[in-house]
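Chemist: Quick one: the structure is below, and I'll ask about it shortly.
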Amino acid sequence: MGLHNHIVTPFRFFHNALQGADYNLQELERKKYLAVDEQSSQLLESDYDVIIVHDPQPAAIRHFTDAQNAKWIWRCHIDNSAPDESVRNFLVPLIHEYDAFVFTMPEFLLPGLDRDRATFIAPAIDAFATKNMELPLDLCRRAIADSGVDINRPLLLQVARFDPWKDPLGVIEAYRLVKREFSNVQLVLIGAMAGDDPEGWQLLDRVQEESAHDADLFVFTNVAGVGNMEVNVFQRGCDVVIQKSLREGFGLVVAEALWKEKPIVAGRAGGIPMQFPEGFDRYLINNVEDCAAQIVHLLGHLGERGEFGRAGRERVRREFLLPRLARDELRLIRDIL
């Protein structure tokens, strides 16, 4: 998966294009994409039984490799249900060369691919990773206080890339509606930035402009040293988690929050609904106003927050932990061999 760290614009936009953004793929871009994948294929040794390639950027490696005796799996983590036609038409013939395709859910199958070779496997979280390991609540609260956030006031949190599909500006709008009912509420936005994502940096600038005039709105990124441990701390120490996605592949942050017994208000997008425990679907939202209303409800009902969190942790324990994912992937490998 590390072979494509040097790919820059426009190939990062393939993700957005497969998720439905308009993108007029040009011939020069096709040639650049194929040239980089051909170069990457030369770094791949040929003595493997199974090779798994993730997402669209390196998809053409299979086309250029000599490892013909290996079995090839293409694993896609995004919502392909309404892809841009130019990108889809370019990628489908390349992906058809694989022995199997893996998607999170049937609705994500890229149109034009052979369904008989498709398998549907939901992602999972590692409960022992730094982002999810158990931490004492008092430690989390002290760390949050050290960041400048008031631990004695309600705290909302969204952890997501600064990506239009994650709608951070919509989260800010919802937070300001919540503030009409809970004037002391605070919002923390945490996101990772990538050097090859100019759209993300532009969106971050807009978010930081909003925070510059609001002492209760905090923005943290990996650029300032905020990493997995800090995400864990804030998820455990906040009152309500938000994941206001407009498009989503799976949304691991939902499982992460539920594992920590946190209630979450999230967009009804992609793989998010499959993670919600039964009986809490009202917190799957479609717009800013609904998002704000459900946050207000949770802030005013401590008992329901606890019930939601406990039910969510059990749902994750049963369906979205690493052993289940390993079992499903090993089963697929066994079948194609």
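Chemist: Quick one: Karplus J couplings for the stretch 32-41, per residue in order, coefficients 6.51, -1.76, 1.60, θ = phi - 60°, nearest Hz, x for Gly and Pro?
Modeler: 4, 4, 5, 5, 5, 5, 5, 4, 5, 5
Chemist: Using amide H atoms built in the peptide plane, which far-off residues or other-chain residues are under 5 Å from Arg75 H to H?
Modeler: When sequence neighbours closer than 5 places are left aside, the close amide H contacts are Val53, His54, Asp55, Val102.
Chemist: Turning to a different aspect of this structure: Can you tell me how much longer the chain between Lys31 and Asp114 gets when fully stretched, taken as 0.36 nm per residue apart minus their C-alpha distance, in nm with one decimal?
Modeler: 27.3 nm
Chemist: For the stretch 159-198, what ratio Rg/Rh do Cα atoms give with a Kirkwood hydrodynamic radius?
Modeler: The Rg/Rh ratio comes out at 1.09.
Chemist: To the nearest 0.05, what FRET efficiency results for Glu38 and Met133 with a Förster distance of 35 Å applied to their C-beta separation?
Modeler: 0.30
Chemist: For His54, His15, which order do you get if you count the other beta carbons within 10 Å of each Cβ and list the fewest first?
Modeler: Sorted ascending by nearby Cβ count, the order is His54, His15.
Chemist: Rank these for me by crowding, Ser46, Ser41, going from fewest to most other beta carbons within 10 Å.
Modeler: Ser46, Ser41
Chemist: A further question follows. Going by amide H atoms built from the backbone, whose H comes under 5 Å of the H on Leu155, apart from near neighbours?
Modeler: Long-range HN contacts for Leu155: Gln186, Asp239, Val240.
Chemist: So, one more: From the phi of every residue in the stretch 73-80, what ³J(HN,Hα) in whole Hz does the Karplus formula 6.51 cos²θ - 1.76 cosθ + 1.60 yield, where θ is phi - 60° and glycine or proline is x?
Modeler: Each residue of the stretch 73-80 in turn: 10, 9, 10, 10, 9, 10, 7, 9 Hz.
Chemist: As an exercise, identify the trypsin sites (Lys or Arg not before Pro) in the stretch 307-337 lying in DSSP coil whose Cβ has no more than 10 other Cβ atoms within 10 Å.
Modeler: Taking the stretch 307-337 and a limit of 10 other Cβ atoms within 10 Å, no loop trypsin sites (Lys or Arg not before Pro) are found.
Chemist: Name the long-range amide H neighbours of Val219: under 5 Å, sequence gap of 5 or more, or other chain; modelled H, no Pro or chain starts.
Modeler: Leu189
Chemist: Output ³J(HN,Hα) for the stretch 173-190: one whole-Hz value per residue in order, computed from phi by the Karplus curve 6.51 cos²θ - 1.76 cosθ + 1.60 with θ = phi - 60°, and x for Gly and Pro.
Modeler: Karplus-based 3J(HN,Hα) across the stretch 173-190 equals 5, 5, 4, 6, 5, 4, 4, 5, 9, 10, 5, 9, 5, 10, 10, 10, 10, 10 Hz.
Chemist: So, in Å, what gap is there between the alpha-carbon centers of the stretch 254-287 and the stretch 129-169?
Modeler: That distance is 17 Å.
Chemist: Please work out the FRET efficiency for the pair Asp150 and Arg317, using the Cβ-Cβ distance as r and a Förster radius of 35 Å; give the result to the nearest 0.05.
Modeler: About 0.60, to the nearest 0.05.
Chemist: Now a separate question. Nearest 0.05, what FRET efficiency do Asp335 and Ala82 give at R0 = 30 Å with Cβ-Cβ as r?
Modeler: 0.55
Chemist: Which residue fluctuates the most in the chain, going by a Gaussian network model with Cα springs under 10 Å, if the choices are Gln294, Gln243, Gln42?
Modeler: So, out of Gln294, Gln243, Gln42, the one fluctuating most is Gln42.
Chemist: List residues of the stretch 50-70, by number, whose backbone nitrogen lies under 18 Å from a label position 7 Å along Cα→C-beta of Asn222.
Modeler: Backbone N within reach: 54-58.
Chemist: If you don't mind, there's one more thing I want to ask. Evaluate the charge dipole of the stretch 238-316 about its Cα centre and quote only its size in Debye, nearest 20, assuming +1 on the Cβ of each Lys and Arg and -1 on the Cβ of each Asp and Glu.
Modeler: So the magnitude is around 160 debye.
Chemist: Please give the calculated 222 nm ellipticity per residue for the chain, where each DSSP H segment of at least 4 residues contributes -39500 (n - 2.57) and the sum is spread over every residue; nearest 500 deg cm²/dmol?
Modeler: Using -39500 (n - 2.57) per qualifying helix, the result is -12500 deg cm²/dmol.
Chemist: With 10 Å bins from zero, work out the P(r) of the chain over every alpha carbon pair and list the percent per bin.
Modeler: Bin by bin from 0 Å, the calculated values are 5, 24, 32, 24, 12, 3, 0.
Every read-out reported here was derived from the displayed coordinates using simple, explicitly stated rules and does not represent laboratory data. All figures in this text were calculated on a predicted structure; none of them were measured in a lab. Don't worry about glycine lacking a Cβ; one is built from the backbone with ideal geometry, like all the others, and counts go over all protein chains shown.
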